[in-house]
Amino acid sequence: MENENFFENINAYGKWKSELITAIQQFQDWLNTTRLEDSEQSLKIYETLQTLKYDRITMAFVGEFSRGKTELINAIFFSQFKRRLLSSEVGRTTMCPTELFYDIDEPRPYMRLLPIESRLEDTSLTEHKQNPLNWTHIQLDISSPDSMADSFAQITHTKTVKASEAKRLGLYDIITDHNGTEIPDDKAVQIPMWRHALINFPHPFLEQGLTILDTPGLNSLGNEPELTISMLPNAQAAIFVLAVDTGVTRSDMDIWRRHLKSFRRNHNNGLVVALNKIDTLWDDLKSEQEIKDSIQRQCTETAKTLGLDDKHVLAISAQKGLIGRIKNDADLVEKSNLLIMENILCNEILPQKELLVRNTLINDVIDMMQSSKSILLGQFNARKKSITSLSGISGKNESVIQKLLEKTREEQKIYHRNAENLQASRQILSSQQKRLHSIITLGKLDQQINQSRTLMKGSWTTTGMKTAMKVLFEHISSTIIEAEKQIELTNRLLNSIYNRFQTENEETNIKPKLFSVASYKQEIKLLYEDAEEYRTSVYSTMTEQSFVIKKFFISLVSRARNIYFQLNKDSDDWGKRILTPLIHQVKSHKQELQIRLEQLKKAGQSRESITERISALTREAKLLQKHIIDANAMLAAINSPMPVILHKNKTAEKDTAIQA
Ligand SMILES: Nc1nc2c(ncn2[C@@H]2O[C@H](COP(=O)(O)OP(=O)(O)O)[C@@H](O)[C@H]2O)c(=O)[nH]1
Ligand SMILES: [Mg+2]
């Protein structure tokens, strides 16, 4: 009845991640012992480990006020506290976006609240999050659910201010009444006390890296563009909560259009529509079938309104699910459909997340492992070759040895040419990289951002925003196209360097790792689409709201800068490491030639010394073999997929995932 399956799958994800971390740490040690360590690789490994350590899965609960988002969070995550941990009673609704997570750097549980007045500044939420001093800090006592619930009640707090103050804070929805007319300046209105809440809490789910984002209704979503432009797009899953007692209202549709349609486009899956409060349709006077039919009708109706297939809407009762769990009433939990909902969530999110971690982090490490392994394989083969030739020359006459010596010197010449070529290629590559960097510097982007800002000439209007956005995105697109051309040149150069190397050294078989800007281009495209959708929705609902536009611009710029920063960094990392496999290969070839020459020079010596040499080489070969076996084990570990725990409960999985 408890969400064992959900729990085990999230746990399996956490375990998979910690096994990855162990394998990568072992790789670092291995590089150390095999002396293949170089600073670029170590830095990359360190960064990968840090990213994995702080990596999170975000699940966002989105919907209009009072649809039961917070109740659903209580039911899925906090039922073991045997009470409503987050306030979801009548009249106590979430007033500010709330993030629940586990802070590995600060294991003492806390709640941090950002005062609503911080909206007056131009600082983004992301920046605020980096500075705890701006927040009101409350220590949480997790031994007492009651005292915790008391602290969490802060999230629902409001305060009374004059309408003029609400206007100053950009809370436009509050100062207009139902007919859209503005409330007089000196009239009192209720505004949220806090702008954002962070809750650090050692819950098993959260400890595995899950972040829950609870949002208030449309007001706050509409007024805090950062949620739309950055927090929601970055979430792995969004749960859109509707309720049967209200049906799909105009404001539900507003939220759907403004915030979730683009989520659906950006993520292939991960969006779940929950039609909540089905218990209000439970009626003792009706037969089971009648109730089922009426729920089904509502689902069909909802799906139609949202433009989805029926199966994408899941009917649930968050409240009965929570009560059932608190009272250990398995039938009630079953009837609430909560278990199905949880299964869908893990089926949707975890495989997608695994793929993301693999593509963005792990594949690079695998490349490094493979190229290091191939270097050792080269060294191993060189030892074996030396052993064979050494066994061959023992007792051979002077002229044979002389010939072998000449042949090796010839090879050495080729090696020198190779090394020189490589050196020259390195220089060409480095100048190409410099050119690339001059194209995509953050400085240039910032200049463009400032220009767009000036374009708006302080008249933060939607029209100004439209022009500024267009100019900014045109600049970004043309820059990326220019960067793409430059990268194409570098890729071509790399292919020819590797091909040449291959012809000169038949034994090697390494392929260059080419770079592509496709994913950055795609991200910019999505950002533009999100921004455009947001801008037009703001335009259609509000005339001139400098506050929203300003905040919108800030969040837009911050996401664009991030994409740019990442492109810069990734291409830089790539540039630094692209020739490493060849360099290592050349180094070990040099080593091998030296060994061979020494042997030939000593060939005239006693049989004992040759035998000694052979056994030394055999020892080295054995050690290399051991390192290679270890590398294979690390590769197997890092390649192994995350285990999927199959459903134990009888509620079969229902695939309601929304495919884009
Ligand atoms: N009947 C019924 N009421 C519910 C259900 N889920 C939530 N509610 C009630 O709806 C109200 C709003 O819930 P809340 O979780 O605060 O909504 P939110 O604003 O979307 O977070 C509260 O009074 C809840 O007790 C449900 O499944 N059935
Ligand atoms: Mg709520």
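A compact table of results
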{"quantity": "Tilt relative to the chain, helix 338-357 - C-alpha long axis, 0 to 90 degrees, to 10", "calculated": "30 degrees"}
{"quantity": "Computed lengthening from GLN566 to ARG409, 0.36 nm per intervening residue step minus Cα-Cα distance", "calculated": "51.8 nm"}
{"quantity": "Cβ charges +1 (Lys, Arg) and -1 (Asp, Glu), total dipole of the chain, debye", "calculated": "2680 debye"}
{"quantity": "LYS286 versus THR33: modelled label distance in nm, points set 7 Å from Cα along the beta carbon direction", "calculated": "6.8 nm"}
{"quantity": "MRE, 222 nm, helices only [DSSP H, n ≥ 4, -39500 (n - 2.57), over the chain, to nearest 500]", "calculated": "-20000 deg cm²/dmol"}
{"quantity": "Distance between modelled label sites at ARG92 and ASN639, nm, 7 Å Cα→Cβ extension", "calculated": "5.5 nm"}
{"quantity": "Distance violations [Cα-Cα > 25 Å] among LYS384/LYS413; LYS69/LYS261; LYS261/LYS551; LYS53/LYS511; LYS444/LYS513", "calculated": "LYS53/LYS511; LYS444/LYS513"}
{"quantity": "Extreme residue, positive dipole direction of the chain, given options VAL644, HIS196, GLY324 (C-beta unit charges)", "calculated": "VAL644"}
{"quantity": "Segment 394-604, relative contact order in percent, only Cα pairs under 8 angstrom and at least six apart counted", "calculated": "39 percent"}
{"quantity": "Segment 460-531: GluC sites (Glu not before Pro) falling in loop per DSSP and having at most 13 other Cβ within 10 Å", "calculated": "GLU506, GLU507"}
{"quantity": "Inter-centroid distance (Cα atoms) of segment 96-147 relative to segment 176-213, Å", "calculated": "13 Å"}
{"quantity": "Interchain or long-range residues, amide H under 5 Å from ILE57's placed H", "calculated": "LEU210, THR211"}
{"quantity": "Interchain or long-range residues, amide H under 5 Å from THR176's placed H", "calculated": "ILE183"}
{"quantity": "Cα centroid separation, segment 340-384 to segment 26-54 (Å)", "calculated": "14 Å"}
{"quantity": "Estimated dipole of segment 394-604 in Debye, rounded to 20 [Cβ of Lys and Arg +1, of Asp and Glu -1, Cα centre]", "calculated": "480 debye"}
{"quantity": "Antiparallel DSSP beta bridges within the chain, as percent of all bridges there, nearest 5", "calculated": "45 percent"}
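Laboratory data are not the source of any read-out in this text; all were calculated from the coordinates shown. All values derive from a computational prediction rather than experimental measurement. All Cβ positions, glycine included, derive from the backbone under ideal geometry; neighbour counts span all protein chains shown.
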